[in-house]
Every structure is written in structure tokens, then in C-alpha cells.
Number of protein chains: 2
Amino acid sequence: MAKPIQKKQDTLFVGSLEKGLRIMSAFNAHRTELGLTELAEIVGMDKSAAQRFTNTLHKTGYLEKDPESRRFRPSLKFLELAAAYMWSDPFVQLAMPKLIDLSRDLGERVNAARPAGTDIIYVIRIPTQLTSFAAMLIGNKVQALSSSSGRIILAHMGEAERREALETWPIDKITPRTVTDRSQIAREVEEAAQQGYGIAVNQNIINEIGVAAPVFDRIGNVAGTVQCSVSSLKWPLERVHNEIAPRLMEVANSINLLR
Amino acid sequence: MAKPIQKKQDTLFVGSLEKGLRIMSAFNAHRTELGLTELAEIVGMDKSAAQRFTNTLHKTGYLEKDPESRRFRPSLKFLELAAAYMWSDPFVQLAMPKLIDLSRDLGERVNAARPAGTDIIYVIRIPTQLTSFAAMLIGNKVQALSSSSGRIILAHMGEAERREALETWPIDKITPRTVTDRSQIAREVEEAAQQGYGIAVNQNIINEIGVAAPVFDRIGNVAGTVQCSVSSLKWPLERVHNEIAPRLMEVANSINLLR
DNA sequence: TTTTGTTGTATTATTATTTAATACTTCTTA
DNA sequence: TAAGAAGTATTAAATAATAATACAACAAAA
């Protein structure tokens, strides 16, 4: 406790910045508003440190502070950073107009996602139907193994990498129907590989079917996915395969990431 | 140059964090990818400093680095921060489902925005039609005086504050039709005050009409707006007033920010 | 109301961490 | 092929961050 576990023997590493970022990323779906002591515990700092970093983030406008409760929450500057990301991502730029068209054609929720470690992160969402708030959020993470996008991403990995992922990546049970049997998921991925698109039924929301087609970068990796989420009450699986999947593939293929 | 202009005689202020944030916010619509030297110039640091901060941001995963060009760009972590903001903002949570419904009813682009200094920032976008990329972006800023949202926000300010805003807030000419005459904008704001909603025609995109209705917080300030953007080629101004504005007001009024 | 505990704020001596100068390497382009 | 620009690595110096502690404000309980 007295000694830091291991020094970052890197003179180019600014520890203070990393700690500040840790404070920022302490906020999430379940931690929307945090007090000083609470925050200190979460990020593993003493109160003094948390105090200095929250103070700095507040002064610079990244954290709002409720004068009553003296608790902190993210400010709109968090969103400005998101816009900066969007401008920098060619996949987002290319996919956006095509997804809007697709959404109009299908009348269903259409999304784009990108791989991020063991998760996928949604980068575009075109909500047309009411669903959970999480399902409308840009920047939302979902575990890869339980999502249509994740499954088609795995399907295009190298053999070793895929095995590794199938064996070690996390699978939390999100709905009662979330598949946690890894060999079952392996079969789903295999099927995705053959079909050319991924499917996930009841994995994150019950009565929801997700379909995802891959977009490749110039070296043949899956750079992202074009995805559609529909209600299984409205869409029998048959029709999803016949009507939605081909459209998604078409759109995905039309997105060429030159660089 | 040798001496910093004024020291931050605040022992609770962590300068290193602030500098790191400056690097992050150097990225925007026009600066999507930056090299070390370039970045150093933009944020006003020497190369050494920029080197240490970019290195830290890279190691912590906030900046991607192209191994070829050695240039930096924002990573998906920027988007995760956005999701954290969304969860923390009750206005977003309440408005989201209502805007989706509204979007389906109108079949037009519906948005929500929040005031941010002399700008407004879009926090929700439901794109249904193709437009400029910027008009689909969450986190995008628009100068208040040229937007329907900004105008209805001004309309509900105190007298002194409004005058100040009308006299000093920036007005860049975005389109050839952007109104830069401040007394003209004052009239638009006056009209917004009487109607209960703001209008902006051709201000940010030509052939675009924006309409915005206010959502109030518990102390009567405009916490945000519910907004709709339509093509003036499709919607005569008359119909915007008669058909869209009332629907927006209705939705805005149904959003009650308890806290 | 008083007491007790919890959370947030302010101050300061100590020193670890950041800093900026400089030299080195790699890449670009003329 | 050479010159210039951009990125990388190293280091000595001291600034700026640290963490301990005391103080204040608030909330809950007696």
C-alpha cells in the first residue's frame, strides 16, 4: 500500500494524466453521479488525490458539480470528444448515409459497431423503434460473444485467435436466454462464417434478433459491422435470413475502407 | 514565453491533467489526425511536452497511433465517455423515447440539444433523411444565435443576459443566408418568445428549416430543446408552424425535469 | 439541542515526478 | 544522395504533484 505495486519505469509516462482519465472513466451506466470519497474508492486513490483531480476536471469543465450534494457528473465536454472521434473515423463517415437509407427501407433499428477488445462498441445507431435506453446509445459496449456483430468478427479471425477468444472472452448472462455454453457459441460462429453474417437471438434483449454483416479493412480484418436489430415477434427467423441479411451484406460490401 | 503568463496559484490544480485534456480536445472536425509537432503547435507546448502527453494517452488507449505515419487520432474510448454522459443526463433519458415516437410520426429529423455557453450542443439525433454529416452528429456544436434552439433559449433568458448575448455572442456566416445582423436576430428571438418556439431558416444548411421548443428545469431555465429540422423545399414555412411546432411543444411540455 | 460520524475542504513540508534541453534516429523530398 | 523535418530517447534540475493532517460542513442519531 505504501509503495506503488510497480513503477512505470517510463519517463515519458505522465501518471497524473492517467489518474485524471481514471476519474473520468469511473462514470458509467451504473455510476452516473459520484461523490469525492466514493470516487476515491472506485479508482483506488486516497481522498487527497481524488480531490485534486476532480477539482482540476471541474475547473476545466469536464465534470459538473452539484452545489447542493457536491457530487460530480460528466459534462457536455464528454460529448464533444465523441464528435471528434466521429470525424476521425472513416468507417463512420462512409457508413452513416448508407445506414440511414437502409433504416428507411427496412423500418427497423440499424447500427454500426466496431470491435474493441472482448467487446464491440456501437458507433452509429439509427433508432426507429422504442427499446431499452442502452440499445439507443452510441458508445455502448456489448460483450462480443453475445452479439451478432461479435460473432461475425470472430468468424473472420485466424484459427488460433478465434479459439483463444471462444475459450477466454467473458460471457455474462444478460438475459435468461443468453448462451453461456462456449461450444454452442463456437457453433454459432461457425454458422456465421458459412453464412457470411452473424446472428444473435435473445442474447441481450429478449425477443430481439440481431443480424450483422462485416466490413473489412484493406488487410482483410473485420473493421466493423453493419447491424440490424428486430423484434422476433414481428420477424420470424426465416424472414430475417431472407430479407434482412442480404440487405446488410449488400450495404456492408458497398463500404470500402481504402485506408 | 519563458515565464508562464500567470501561475494557477491553486495547489489543487493538476496542470499535467489539464495539458493532457488539451491534447484530447485538439481533435475536431478539421483536425482528425495529428502528428506530434503539429499537435505541439496547436496546443502551445514544446515537442517534449507533447511527446509525453501523447505517449501517455496512447498507452492508456485514448489515442490511436498509425504505425506508418506516426500520427494520432481519437480512439473508441472517446465514445465510451459519451455513453457515460448519456447515462448521467436525465434530460436525454426522458427525451429519447419521445423523440423516437415523434420522429416516426413526422418522418423527419428530430433532435435534442442543450445550451453550452455561446453554443448549443446536440445530445440526441434521430436521423431519417440524408444531410450533412455534421447534422447527424451527437456532440456537434452550433452557435446559439444561428440556431432555432439557441433562439428559444435566448427568448427565455433574463433581460440583461439576453441583451448581453445578442450583443456579444459570436455569429459566423455559415451559409450565404446566415443572418449576421444582430438587430435582426433580436427580432427573431422576440418572435420566438411570443410563439413559444424558435425558428431558423437557412442558417446552418441552405433549404433547411429548424424549429425548437424549450424544456425547462425546476427553476424555469431552459434546460434543453426538442428540435426538428426539415427541408424548406418539402415544407412551406406555413406548415412548419401549423404542423410541426405544435407537436414539438407538446413533446417538450411532456418532459418534466424533476431535478 | 447535542453528539457522533461521515464527507468535503484547506494547508503544507517533502520529494517524487514532471520538465525541457539536447542529442540521436528515422523518414521525406528535392 | 544530401538536407531538412519529424519522431524518439536520455538526463540533470527543480518545479509541481503528493499525501498527511487538520479543519469545516453536513447528516444522522440520541
Proxy exposure order for A:PHE91, B:PHE27 (fewest C-beta within 10 Å first) is A:PHE91, B:PHE27
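How crowded by other chains is B:129-141, given as the mean number of beta carbons from other chains within 10 Å of each beta carbon?
Mean inter-chain Cβ contacts per residue within 10 Å come to 5.
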Using alpha carbons only, how many angstrom separate the centre of the range B:22-46 from the centre of the range B:112-128? 25 Å
Rounded to the nearest 500, what is the 222 nm mean residue ellipticity of the protein assembly as shown from helices alone, with -39500 (n - 2.57) per DSSP H run of 4+ residues and division by all residues? -12000 deg cm²/dmol
Taking the Cβ of B:MET96 as the centre, find all other residues whose Cβ is under 12 Å away and add up their charges (Lys, Arg: +1; Asp, Glu: -1). +1
How big is the antiparallel share of DSSP beta bridges in the range A:89-254, given as a percent to the nearest 5? 100 percent
Could you state the number of Å between the C-alpha centres of the range A:229-259 and the range B:153-218? 42 Å
Report P(r) for the protein assembly as shown: all Cα-Cα distances, bin width 20 Å, range 0 to the bin holding the largest distance, values in whole percent. 21, 53, 24, 1
Work out the P(r) tail for chain A: percent of alpha carbon pairs separated by more than 31 Å, whole number. 36 percent
Taking the Kirkwood radius as the inverse of the mean 1/r across Cα pairs, report the Rg/Rh of the range A:1-155. 1.04
Against the longest alpha carbon principal axis of chain B, how many degrees, from 0 to 90 and to the nearest 10, is the axis of helix B:90-106 turned? 50 degrees
Give the nm distances, rounded to one decimal, from A:GLU159 to the matching residue in every other copy, measuring between label points 7 Å along Cα toward the beta carbon; shortest first. 8.2
For the range A:152-230, the spread of Cα positions along each principal axis, largest first, Å: 38, 27, 19
If each residue's Cβ is checked for other Cβ atoms within 10 Å, how do A:PHE13, B:PHE72 rank with the fewest at the top? A:PHE13, B:PHE72
Given points 7 Å out from each Cα along the Cα-Cβ axis, report the B:ALA160 to A:GLN93 separation in nanometres with one decimal. 4.6 nm
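No lab work stands behind these numbers, since they all come straight from the coordinates. If you're wondering where the values come from, they're calculated on a predicted model, not measured in any experiment. For neighbour counting, all protein chains shown are included, and Cβ atoms are generated from backbone atoms with ideal geometry for every residue, glycine included.
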